[in-house]
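Visitor: To start, I am sharing the structure in question, which I have written as structure tokens.
A short reminder: the numbers here are calculations on the coordinates, not readings from a lab. Here the structure is a predicted model, which means the values were calculated and not measured. Here the Cβ positions follow ideal geometry from the backbone for every residue, glycine too, while neighbour counts run over all protein chains shown.
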Ligand code: GUN
């Protein structure tokens, strides 16, 4: 059997078209959805990511402002800027790009963002809202993964899902989202003994470790859905995920590629959260 590919690029394009429609409707009411992206320092990867976020926003009609500050910016000045953005009703979403310079406490900075504008879904309030099933903003990567499962019409009820990775922004929220859909969820991680024993039971595997070949063919139940959140480089320098794609696609029922899988979905879900923030603010 060869797995069907879940095309993240195609689904993300459809989501962007939906966002564009919602943006047009808000603009017709005189509201311009506005995302402010704060970049401190000149980390090369962060510069690329934030540029993508601005371009994606502008292509879907959202206003995006990239605010750049030198790495020498003090934490208190950053907190003060966030306080001003929180109080600015023309700003609907605030995203502080991570990592921050070492002299800053990233947790403190994220907690300074108003939960109503936390389009990254990184605030403790956002995590808590997800946990208790209340409206909030869901982190973009796991939210995108869930949308991919919805796209293939996958009914999670009573299914075994294994999430590999326990980060606050992917693994843990992913587990909550799957649990919210009545899946039975196991969270594994780099310390898990006999990972294969867990994954072989799984109807859905979400791999979010950041290491190549964490999931190989002999770890996958035939027909399972395999979602690959990893972003790594292989020996030839080519982008690859956490899953041995060529091997696993012979066993799985569905699989997401890298690139062209979860990555574009993460970007699309930021737009969804931003338009949602603007809609909620405008009543
Ligand atoms: N750095 C890498 N990915 C992200 C992200 O999704 N959000 C923020 N704020 N910083 C990041």
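Visitor: Taking the options 107, 103, 52, name whichever one is free of Cβ contacts under 8 Å to residues at least 40 places away in the same chain, within 16 Å of the ligand (Cβ to nearest atom) and either under 30 Å from residue 254 (Cβ atoms) or surrounded by fewer than 17 Cβ atoms within 10 Å (Cβ to Cβ) (or both).
Guide: 107 is the lone residue from the list that is free of Cβ contacts under 8 Å to residues at least 40 places away in the same chain, within 16 Å of the ligand (Cβ to nearest atom) and either under 30 Å from residue 254 (Cβ atoms) or surrounded by fewer than 17 Cβ atoms within 10 Å (Cβ to Cβ) (or both).
Visitor: While we're looking at this one, here's another question. Which condition does residue 177 not pass, out of (1) within 13 Å of the ligand (Cβ to nearest atom); (2) closer than 27 Å to residue 226 by Cβ; (3) surrounded by 22 or more Cβ atoms within 10 Å (Cβ to Cβ), if it passes all the others?
Guide: Condition (1) is where residue 177 drops out.
Visitor: Among the residues of segment 215-238, how many are more than 21 Å from residue 149 (Cα to Cα) and either crowded, with 23+ Cβ neighbours inside 10 Å or under 18 Å from the mean Cα position of the chain (by Cα) (or both)?
Guide: Within segment 215-238, residues that are more than 21 Å from residue 149 (Cα to Cα) and either crowded, with 23+ Cβ neighbours inside 10 Å or under 18 Å from the mean Cα position of the chain (by Cα) (or both) number 1.
Residue-by-condition table, conditions (1) within 16 Å of the ligand (Cβ to nearest atom); (2) farther than 21 Å from residue 219 by Cβ:
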site	(1), (2)
236	no, yes
244	no, no
250	no, no
258	yes, no
265	yes, yes
273	yes, yes
277	yes, yes
280	no, yes
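Visitor: Under the condition of being assigned to a helix (DSSP H, G or I) and away from the ligand (no atom under 16 Å from the Cβ), which residue from segment 1-14 is surrounded by the most Cβ atoms within 10 Å (Cβ to Cβ)?
Guide: 11
Visitor: Got a number for residues in segment 136-158 being in contact with a strand residue (DSSP E or B) (Cβ under 9 Å, 6 or more places away or on another chain) and away from the ligand (no atom under 16 Å from the Cβ)?
Guide: 6
Visitor: Applying the selection to segment 87-100, what residues are surrounded by 16 or more Cβ atoms within 10 Å (Cβ to Cβ) and either over 20 Å from residue 125 (Cα atoms) or away from the ligand (no atom under 13 Å from the Cβ) (or both)?
Guide: Of everything in segment 87-100, those that are surrounded by 16 or more Cβ atoms within 10 Å (Cβ to Cβ) and either over 20 Å from residue 125 (Cα atoms) or away from the ligand (no atom under 13 Å from the Cβ) (or both) turn out to be 91, 92, 100.
Visitor: Look at residue 196 and say whether it is surrounded by fewer than 22 Cβ atoms within 10 Å (Cβ to Cβ), in a helix (DSSP H, G or I), in contact (Cβ under 8 Å) with a residue 12 or more places away in the chain and in contact with a helix residue (DSSP H, G or I) (Cβ under 6 Å, 6 or more places away or on another chain).
Guide: Yes, satisfied.
Visitor: Would you check which residues across segment 216-239 are touching a strand residue (DSSP E or B) at 6+ places or on another chain (Cβ under 8 Å), in a loop (DSSP other than H, G, I, E, B) and touching a residue at least 40 places away in the same chain (Cβ under 8 Å) and list them?
Guide: 229, the sole residue that qualifies.
Visitor: Is there any pair linking a residue in segment 119-130 that is at positive phi to one that is within 15 Å of the ligand (Cβ to nearest atom), with Cβ under 6 Å and at least six apart or on different chains, and which?
Guide: As it stands, the answer is 121/137; 121/138; 121/139, since those pairs meet every condition given.
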